[in-house]
Amino acid sequence: MAVRGRHRRYQPNRINRASLTVTAGGAGMALPLITSGVAHAADVDTWNKVAACESSGNWSINTGNGYYGGLQFTQSTWEAYGGTVYAHRADQAGRDQQIAIAEKVLKGQGPGAWPVCSVRAGLTRGGAAPGVDPSAGSARTATASASPQTAKRSVRDVKPQTTPQSHAGTAEMYTVVHGDTLSGIAGSRHVEGGWQRLYETNRRTVGSDPDLILPGQRLDLHGKAQSPARTRTAPAEKPAADRSTPHKARATPHKATPEHSTRSHTLVAPVNAATGTQYHAAGASWSKGYHTGVDFPVPTGTSVKAVAAGHVVSAGWGGSFGYQVVIRHADGRYTQYGHLSAISVKDGQSVAEGQRIGRSGSTGNSTGPHLHFEVRTGPGFGTDIDPLAYLRAGGVRI
């Protein structure tokens, strides 16, 4: 039975300032951690195990999802810990160089920076120094030390994962990864025409259901719309006028057309999980005497999505809520996502419906890993409304 996490009343002496993670298992912003005076190191074998978990041991990987290299650094973390001394991005650096930066992250944030893979690899702060040589060069040079056959195979395997660049320097293709949605990709990659245009451009790749995209699929971000394969056999009585009707009808309720969004809002669930502690549950543990949101018990590192498009008004430490994100939506409501282990957005950023904004965790006053989700009429604490009623009104089945 899953642990039902709850956050306690705010008590400054009990705040758990756990650091944000920096990897694909929980990638986000590099934030400070209160550390103790212990050794902060891990041997090369341990780092190889972390990389095997994070990226299947591909130190040059770049799938276009914002995380780079064998240990899946975000660009902000790579820069914050001095990685640009070696290369612009982690995937362009060698294995030893990535490990050298990872050692700094381990010292600053602890093994929780890789919340899932650190456990699987046995990564701790008290290990032996790796003894790496950061002057070894690029990741592809590092792979060449194994054998000529291995080096050729590694380079060839990397090429399909590398996002091609247009003449203007912007990504033209995107490789789908686990947790992606068309709306999230369209929003983060600024696709003109939104998810509908992205779907039309890639109908033959995606298929008849725009809600079903698979990891590894390659999507053209700025190409021309494709005709659906079935139009070759479809009746021709209404050739032009009705071609746009089928995909509008097939689009699921949580993806609204621009015209429809002016009349009502459609939403997605913040995580794919059953609920735990309910809204308005009474108790002295909470500052208002009741639970101001709804909890979703999920493991640390679970992808947390924006329930609707909007603008980030707060992304960072939120007291008893730990690391949190607060988003303002077009309907005037605010949604809060608390106890995160990772934050993937920043203040003032625009986000799309279904876009990943962070990873779940147990930071702040929490008794176990879960997502605290709250809906408010204002940006601050104390303006809460029923979050499940809000989601259900937007078409979410919970």
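The values are calculated or read from the model by the stated rules, or taken from the named source; none is laboratory data. Just so we're clear, the structure is a prediction, and the values are computed from it rather than from any experiment. Quick reminder, even Gly has a Cβ in these numbers, built from the backbone with ideal geometry, and neighbours come from all protein chains shown. Each accessible area value is taken on the protein alone, full model and side chains, heavy atoms only, with ligands, DNA and RNA left out. Shrake-Rupley method; radii C 1.70, N 1.55, O 1.52, S 1.80 Å.
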- prompt: Out of the residues in the range 286-309 that are assigned to a strand (DSSP E or B) and either in contact with a Cys (Cβ under 8 Å, 6 or more places away or on another chain) or open to solvent by less than 10 Å² (accessible area, probe 1.4 Å) (or both), which is farthest from Val116 (Cα to Cα)?
  reply: Val294
- prompt: Can you spot a residue in the range 9-25 that is at pLDDT below 75, open to solvent by 50 Å² or more (accessible area, probe 1.4 Å), in a loop (DSSP other than H, G, I, E, B) and among the β-branched types (Val, Ile, Thr)?
  reply: no
task: Can you work out which of the residues in the range 244-285 that are modelled with pLDDT of 90 or more and open to solvent by 50 Å² or more (accessible area, probe 1.4 Å) is farthest from Leu388 (Cα to Cα)?
output: Asn272
message: Looking at Ala352, Ala315, can you tell me which residue is out of contact with any strand residue (DSSP E or B) (no Cβ under 6 Å at 6 or more places or on another chain) and under 27 Å from Ser188 (Cβ atoms)?
response: Ala352
Scope the range 330-355; condition in a strand (DSSP E or B) and surrounded by fewer than 23 Cβ atoms within 10 Å (Cβ to Cβ); matching residues: Tyr334, Ser350
query: Somewhere in the range 46-54, is a residue out of contact with any helix residue (DSSP H, G or I) (no Cβ under 9 Å at 6 or more places or on another chain) and modelled with pLDDT under 90?
result: no
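Quickly run through the range 170-193 and pick out the residues that are under 23 Å from Arg359 (Cα atoms), open to solvent by less than 50 Å² (accessible area, probe 1.4 Å) and assigned to a loop (DSSP other than H, G, I, E, B).
Those that are under 23 Å from Arg359 (Cα atoms), open to solvent by less than 50 Å² (accessible area, probe 1.4 Å) and assigned to a loop (DSSP other than H, G, I, E, B): Val176, Val177, Gly179, Asp180, Thr181.
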field: Whichever residue in the range 94-119 is within 19 Å of the chain's Cα centre (by Cα) and outside any helix (DSSP H, G or I) and, among such residues, is surrounded by the fewest Cβ atoms within 10 Å (Cβ to Cβ)
entry: Val116
statement: For the range 94-107, pairs from a residue that is touching a residue at least 60 places away in the same chain (Cβ under 8 Å) to a residue that is open to solvent by 10 Å² or more (accessible area, probe 1.4 Å) and not aliphatic (A, V, I, L, M), with Cβ under 6 Å and 6 or more apart or across chains, are Val105/Tyr81; Leu106/His40; Lys107/His40
- prompt: Which members of the range 366-395 meet the condition of being polar (S, T, N, Q) and either surrounded by fewer than 22 Cβ atoms within 10 Å (Cβ to Cβ) or modelled with pLDDT of 90 or more (or both)?
  reply: Thr367, Thr377, Thr383
message: I'd like the full set of residues that are free of Cβ contacts under 8 Å to residues at least 24 places away in the same chain and assigned to a loop (DSSP other than H, G, I, E, B), limited to the range 194-212.
response: Gly207, Leu212
message: Give me the residue from the range 76-93 that is in a helix (DSSP H, G or I) and either touching a Pro at 6+ places or on another chain (Cβ under 7 Å) or of a type in the set (Val, Ile, Thr) (or both) and, out of that set, surrounded by the fewest Cβ atoms within 10 Å (Cβ to Cβ).
response: Val85
